[in-house]
Amino acid sequence: MALAVPAMVNPPRDVLVPPTCLCRNAPTRAMTPLNPKAALWQPLAVFTKPKLSKEIQLTEFIQAIAGMVDGCAHEVENLIGVPVSVHTIQGQGVWSIIYRLRDQDMWCRDKVLELSQGYIQSAAKVSDVFHLLGCRRDPFRPKQKGFSALLGSMQDENVACWNLYDTGKCTKEDKCRWQHPVFRHRLVVLVKKLTIQTSDHPKADAALCQ
């Protein structure tokens, strides 16, 4: 004879007892008042940007400008749409980009200068090594057959003298508490007429860029 198994019956809801919160009657801790005379908290380690020697800074500065000059020359050569001969010259603190156009293509001289200025400005904005001095005013000075600009090194933008970098001038000069460029190089961009004599000797008129 099989035994009858009693069916499981859910208890009524009013019989259920809610769980007891064990933390309700727990003792509370007393809050410790802050001491206004306590020393300020200081981090255990403070990150400081490593200082490079002037030789390394100068090397990085020269390499950055060299890359920008070569990039500018190739960019303009590819965009101008007419045959152009481009030569770059590195002097003592002076860089030169000389574009040479045929006589019938000299009408696009202004376009060459405009493209060059745009490239220089864009390159200086993204560089953390050199800066276009006077970039927020008029950084390009007219020159016979072209223009010139001044490039300055930048060690740390957080302590840089932005009056000098943005306007090209600082009224405090040597008494300024902010950092000025350690190195300054001039960039000269010229557009000249292409001739047989000058195309074979690109450095013949390099003295005009000084």
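Values quoted throughout were computed directly from the atomic coordinates according to the rules given, and no laboratory measurement underlies them. Because the structure is predicted, anything quoted here is derived from the model rather than measured. Backbone-built Cβ (ideal geometry, glycine too); neighbour counts: all protein chains shown.
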Condition set farther than 17 Å from residue 149 by Cβ, surrounded by 15 or more Cβ atoms within 10 Å (Cβ to Cβ) and not charged (D, E, K, R), scope segment 82-105, selection farthest from the chain's Cα centre (by Cα): answer is 101
Flagged in segment 106-123 as within 12 Å of residue 147 (Cβ to Cβ), surrounded by 15 or more Cβ atoms within 10 Å (Cβ to Cβ) and not aliphatic (A, V, I, L, M), in numbering order, are 109, 116, 117
ask   = Is segment 133-154 home to any residue that is part of a loop (DSSP other than H, G, I, E, B), under 19 Å from the mean Cα position of the chain (by Cα) and touching a residue at least 40 places away in the same chain (Cβ under 8 Å)?
value = yes
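Among the residues of segment 61-114, how many are in contact with a Gly (Cβ under 7 Å, 6 or more places away or on another chain) and over 13 Å from residue 190 (Cα atoms)?
Within segment 61-114, the first condition is being in contact with a Gly (Cβ under 7 Å, 6 or more places away or on another chain), and the residues that meet it are 113.
Going one step further and asking which of them are over 13 Å from residue 190 (Cα atoms), we end up with none.
Summing the residues that are in contact with a Gly (Cβ under 7 Å, 6 or more places away or on another chain) and over 13 Å from residue 190 (Cα atoms) in segment 61-114 gives 0.
Can you spot a residue in segment 72-81 that is within 22 Å of the chain's Cα centre (by Cα), in a helix (DSSP H, G or I) and among the aliphatic types (A, V, I, L, M)?
Initially, segment 72-81 is screened for residues within 22 Å of the chain's Cα centre (by Cα), giving 72-76.
Now restrict to residues that are in a helix (DSSP H, G or I): 72-76.
Retained after the next criterion (residues that are among the aliphatic types (A, V, I, L, M)): 73, 76.
Within segment 72-81, one or more residues are within 22 Å of the chain's Cα centre (by Cα), in a helix (DSSP H, G or I) and among the aliphatic types (A, V, I, L, M).
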Exception for residue 126 within (1) of a type in the set (A, V, I, L, M); (2) in contact with a strand residue (DSSP E or B) (Cβ under 6 Å, 6 or more places away or on another chain); (3) under 21 Å from residue 62 (Cβ atoms); (4) loosely packed, with under 14 Cβ neighbours inside 10 Å falls at (2)
